[in-house]
Structures are given as C-alpha cells and as structure tokens.
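Below is one structure, written out as structure tokens; the observations come after it.
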Amino acid sequence: MKIDPGNFEGFNRVLTGVVVPRPIAFVSSISASGLVNLAPYSFFNAVSYDPPTIVFSSSRHAGRKAKDTLANIEETGEFVVNIVVDDIAAAMNSTAAEYPADVDEFQIAGLTAVPSEIVRAPRVAESPVNMECRLNQVVNLGKEGHQHGLVIGEIVLLHIRDDIIDGHRINHQRLKPTGRLAGNMYCYTADTYELVRPVYQPETVGEPADNA
Ligand SMILES: Cc1cc2nc3c(=O)[nH]c(=O)nc-3n(C[C@H](O)[C@H](O)[C@H](O)COP(=O)(O)O)c2cc1C
C-alpha cells in the first residue's frame, strides 16, 4: 500500500502510528500575567548539542481554543521541558484536556511546581529531568486553520536527579522514560539491548577478520 498524505483522510493517525515510540515533553510555561500551564507534547526531540537545542510542535488550536503552551511561550520566550517517566504518566495524561487558560494543570494532576533558576516557568518536582529553555524561534507550519508552531528552544539549565546520572552515563532502568505510541497507547522502555556501532577503517576493508 502507498499513501499520498494529501489524499488520505486522517493521515495524522498514520503518521503518529509509525513514528514511534516518541518521548514526551511535559511543558510547563507561564503567561505574561502569571497563569501557570502544564501540558504534554510528543512531537518532541533533541536536535543539536551546541547550542543545546530541543524542538516540539504544537497545533495552534485545540478546536476553537488557542493552545496555552504555545501562546505563553510566544508571550514570554521561556518554558521548561520536564521528561515524562512511568511514575507520572497518569498525571501527565490528566493535564491533556483542553482546560481554559486560568486552570492550573499542576493542581489537576496533583504535581508540585518548584521554581526554576533562570526562567520564570516552574519545574515539575516529580519529573527527574527538567530542562529550562529559552525560545530560539517558532516556525509556523501548515495552512490557516491547521497550523502548527514548531517551537525551537535552547536549554539554559538542565536539572537531573542524582541517582540517574553517573558521570555522563544516564541510567535508563532508573529513569524509566515513557514512550508514546498512537492514540491512547504508551510503552515502557525497560526492555533494552546493545548494538556496538562499527568503526570505518579503510585499510582493513576486504581483509579477513582475525578470527576468520
Ligand atoms: C501524550 C500526549 C502527547 C501530546 N502531544 C501533542 C503534540 O505533540 N502536539 C500537540 O499539539 N498536542 C499534543 N497533545 C495534546 C495537548 O497536550 C492538548 O491539546 C493540551 O490540552 C494542550 O494544552 P495547552 O493548551 O495547555 O497547551 C498531546 C497529548 C498527549 C496526551
């Protein structure tokens, strides 16, 4: 089967079903007037080391309501990405309804807002990784009515729970990041395996291996 995205009703469901599993950015932000917001975004990834850059993409509207996260970030230029782990997955899900801007999703989810050090938006205490970010730019994608804002942000401070990091090594068995599949489906990431990456050595290509 071949699918022409422009000619396939509901292509979004196919796309989010095949680009899996996705990490989930739990984005905390604050409006210029001081309203705190928290919502999950799984069109999310890290895209550059230097400058340390993450991206996530938000549709401009949920129905007729503008998405608070995108509006806040465009207003203030700041936000925090909190990584979603298994222990807070249900709490994360509880924040995903289209609540009015004056509803504090930290309260809905029973999560604790703790102050950040550089940005005004608070962090989620129960998440073991919080990335304080400054907005680089929002790239608008799509036509009026179906627009997405691709948020490009620079990490200005990363908080990580001590028991999860050893030198540069992250202990994923302790971190327990949640993966998003499609619709209401998620996955655990505890079942891991190793593949050692080959090194290209031109002088040895074609020669028999030592143990041949
Ligand atoms: C796991 C999960 C991932 C989501 N990812 C996205 C996403 O990448 N982009 C998006 O626009 N909405 C996404 N949503 C929907 C938003 O979280 C939802 O519209 C939310 O109400 C937005 O809140 P806000 O208006 O406070 O920003 C996701 C929802 C869930 C449960």
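Couple of notes before you dig in:
- Filter result for Ala121 (more than 18 Å from the chain's Cα centre (by Cα), touching a residue at least 12 places away in the same chain (Cβ under 8 Å) and assigned to a loop (DSSP other than H, G, I, E, B)): no
This table checks each residue for (1) surrounded by 11 or more Cβ atoms within 10 Å (Cβ to Cβ); (2) among the charged types (D, E, K, R); (3) at positive phi.
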{"position": "Val114", "(1), (2), (3)": "yes, no, no"}
{"position": "Pro128", "(1), (2), (3)": "yes, no, no"}
{"position": "Ile152", "(1), (2), (3)": "yes, no, no"}
{"position": "Asp166", "(1), (2), (3)": "no, yes, no"}
{"position": "Cys187", "(1), (2), (3)": "yes, no, no"}
{"position": "Tyr200", "(1), (2), (3)": "no, no, no"}
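- Unmet criterion (only one of (1) within 11 Å of the ligand (Cβ to nearest atom); (2) more than 12 Å from the chain's Cα centre (by Cα)) for Ala32: (1)
- The listed residue being open to solvent by less than 50 Å² (accessible area, probe 1.4 Å), within 16 Å of the ligand (Cβ to nearest atom) and under 15 Å from Thr76 (Cα atoms), out of Val138, Val119: Val138
- Scanning region 44-60 for residues that are within 10 Å of the ligand (Cβ to nearest atom) and free of Cβ contacts under 8 Å to residues at least 40 places away in the same chain returns a single hit, Phe44.
- Only one of the numbered conditions (1) near the ligand (Cβ under 7 Å from one of its atoms); (2) modelled with pLDDT of 95 or more is violated by Ser94, and that is (1).
- Considering region 1-102, the qualifying helices (runs of 4 or more DSSP H), each wholly inside and each with 2 or more residues that are surrounded by 14 or more Cβ atoms within 10 Å (Cβ to Cβ) and either in contact with a Cys (Cβ under 8 Å, 6 or more places away or on another chain) or not hydroxyl-bearing (Ser, Thr, Tyr) (or both), run over 68-76, 89-94.
- Yes/no for Arg180 being open to solvent by 60 Å² or more (accessible area, probe 1.4 Å) and within 13 Å of the chain's Cα centre (by Cα): yes
- Total residues in region 146-195, condition charged (D, E, K, R), more than 22 Å from Val55 (Cα to Cα) and not in a loop (DSSP other than H, G, I, E, B): 5
The values are calculated or read from the model by the stated rules, or taken from the named source; none is laboratory data. Predicted model only: the values in this text are computed from it and were never measured. When we count neighbours, we look across all protein chains shown, and the Cβ atoms used for this are built from the backbone with ideal geometry, even at glycine. When the accessible area is computed, the model is the full protein with side chains, heavy atoms only, and any ligands, DNA or RNA have been set aside. Shrake-Rupley method; radii C 1.70, N 1.55, O 1.52, S 1.80 Å.
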